[in-house]
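Okay, structure first, notes after.
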Amino acid sequence: METVRKALLTVAVLGAGAGVGSILFAVVAPGELKKQSMLQEFPERDPQRRDEAFRTKELMMATLKDAATTNENMTWRKNWMVSGGGRSA
């Protein structure tokens, strides 16, 4: 009988904890209007930010392509805007 009582008490405590957690989540979670405004404020939604990310990715891919086609040690390069043969370090 003692085991059944402990089990029921454990279930009641866990249920109460889940209920309190659910209520807190419902209170703290943003409303639909707030969600829409938050989605509009993402940096990826900004065209200037997207263009900057695209340009950065484009430069990185060009550098990787250059590194793959040359025997030059790319870590020694100081002027990254210079491409072609010869050491720049």
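None of the figures in this text is laboratory data; all of them are computed from the coordinates on show. None of these values were measured; they are calculated from a predicted model.
Some values worked out for this structure:
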| read-out | value |
| --- | --- |
| Stretch gain in nm, segment Lys57-Glu32, where the contour uses 0.36 nm per residue and the Cα spacing is subtracted | 5.6 nm |
| Chain lengthening between Gln48 and Phe25 when straightened (0.36 nm per residue, less Cα-Cα) | 4.8 nm |
| Kirkwood hydrodynamic radius of the range 1-48, Cα pairs, Å | 14.2 Å |
